[in-house]
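Step one of this worksheet: look at the structure below.
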Amino acid sequence: MCRCCGRIALHAIDRGTRGRRLSLLGRREGAKAMEATGKSERLNRIVDTARVHFGRPVCKVTAPGGENRSSFRLHFDDMDVIATLRPNVRRTHLEAFVLERLRAHCDDLPECLGVVGEVLFQSDVGGRRLNQEIMRHTETGRLDLAAQAAAAIFRIHSAARRADLHQMLPHLGGSETWISNLVAAVDSLQPYSMGIDARFDRAAAAERLACPGGQFVKWDCRSGNAALDRAGRLRWFDFEYCGLRHGAEDFAWLIGDEAWPIAPDQMVDVMIDAFDPGCGHRIDTYLDYLSVYLTFHCVQRFKLIVKEARTRGWLSKARVRKYDDAGVHPEFAMQICSVGAYFAAQSPVTAPLARNFEGAVDSFREILREGRSLKSA
């Protein structure tokens, strides 16, 4: 009888477990259905708004960055338009304002075609994203594209000064907390290298990073946020996070893009050739600040890669470039650490960190060789 009661109890538990699993599965399926409905409603809203705004029907819609992104390419019978519906309306209107002000002085960015409620319409700068296009070229062609990208950033900065954007936009990364967190992130390198050298002066690093925000920065100048049109003209897009800082941060985003295939010493040569003396800095002090900031930017990209790899596993390099995703591949992790090591060594402030980056390169080379995952780490 006890055994029978036991069996009955176990069956009851088993039925209850199955019921909970089915309930959980139902909730998941329901959440997916709601998400799909939300995407459909959002897209219908964009298409209806575009039809009214441009006075013609949309023939087709594609998602250049994937369906989960905020922007879609709307195909009309005679033109293509990028429509963006961001969660943050304030950023949408800020982006539209900045595009209009900059566009009066340079042609290195999209044209704002109007804002209707929460939807921003802008010109399509081309379907050949820089992060993919650069891989189709030889070394000489890649350096030429890098030069175009750097020169365009300097022209955008110059246009911002002429448009007086330094008097209007918010300052970025100005709080002590933001800066201290940026510096403290170096500890994330420790599991993949030896401990942080005692000679590394965190206070000195924080002081070097705490620069007043006097120059417009686009922010997020990863190579996936630039594209070439049919004539081969390169333009930058996605000004959602723009604001004011030193100015070199935009180049840190480009050089510190783990999918960027150009060696750091070659990028320094590109920077020297493209440098605009009108930026208000001597080239030596500009490059010194770039080296310090870029060191900590590389740490941030490294942290993101490790976090995503533990959650999602490694991704293919082709997928990363296609969807402008985080560089969740061991070779990209090695690349960002190599860039960090090079630029850390350029300044006495960050030189003690170079060996940590080098140690991390060796760790990820071993992970790549053995085909290991980070999920269990």
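What tally of residues in segment 168-179 results from selecting those that are open to solvent by 60 Å² or more (accessible area, probe 1.4 Å) and among the β-branched types (Val, Ile, Thr)? Of the residues in that region, 1 qualify. Residues in segment 156-178 that are within 21 Å of the chain's Cα centre (by Cα) and closer than 29 Å to residue 263 by Cβ: 156, 157, 172, 173.
Every listed requirement among (1) modelled with pLDDT under 95; (2) among the hydrophobic types (A, V, I, L, M, F, W, C); (3) in a strand (DSSP E or B) is met by residue 81 save one, (1).
Okay, residues lined up against (1) on the phi < 0 side of the Ramachandran plot; (2) free of Cβ contacts under 8 Å to residues at least 24 places away in the same chain; (3) crowded, with 16+ Cβ neighbours inside 10 Å:
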site: 133; (1), (2), (3): yes, no, yes
site: 136; (1), (2), (3): yes, yes, no
site: 141; (1), (2), (3): yes, yes, no
site: 152; (1), (2), (3): yes, no, yes
site: 157; (1), (2), (3): yes, no, yes
site: 162; (1), (2), (3): yes, no, no
site: 165; (1), (2), (3): yes, no, yes
site: 181; (1), (2), (3): yes, yes, no
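Of the residues making up segment 197-216, those that are open to solvent by less than 30 Å² (accessible area, probe 1.4 Å) and in contact with a Leu (Cβ under 7 Å, 6 or more places away or on another chain) number 5.
Give me a count of the residues in segment 73-84 that are open to solvent by less than 10 Å² (accessible area, probe 1.4 Å) and within 19 Å of residue 325 (Cα to Cα). Give the derivation first.
Filtering segment 73-84 down to residues open to solvent by less than 10 Å² (accessible area, probe 1.4 Å) leaves 74, 81, 83-84.
Still in the running and within 19 Å of residue 325 (Cα to Cα): 84.
Within segment 73-84, residues that are open to solvent by less than 10 Å² (accessible area, probe 1.4 Å) and within 19 Å of residue 325 (Cα to Cα) number 1.
With respect to the conditions (1) crowded, with 19+ Cβ neighbours inside 10 Å; (2) over 19 Å from the mean Cα position of the chain (by Cα), residue 320 falls short on a single one, namely (2). When every residue of segment 313-324 is checked against the conditions, at least one turns out to be in contact with a helix residue (DSSP H, G or I) (Cβ under 7 Å, 6 or more places away or on another chain) and either closer than 22 Å to residue 212 by Cα or not in a helix (DSSP H, G or I) (or both).
Among what's in segment 279-307 and is in a helix (DSSP H, G or I) and basic (Lys, Arg), pick the residue that is surrounded by the most Cβ atoms within 10 Å (Cβ to Cβ). Looking at residues that are in a helix (DSSP H, G or I) and basic (Lys, Arg), I get 301.
The values are calculated or read from the model by the stated rules, or taken from the named source; none is laboratory data. Just so it is clear, the structure is predicted and the values come from calculations on it, not from any experiment. Positions of Cβ are generated from backbone atoms using ideal geometry, with glycine treated the same way; all protein chains shown enter the neighbour counts. Protein only, heavy atoms only, side chains kept; ligands, DNA and RNA dropped before computing areas. Shrake-Rupley method; radii C 1.70, N 1.55, O 1.52, S 1.80 Å.
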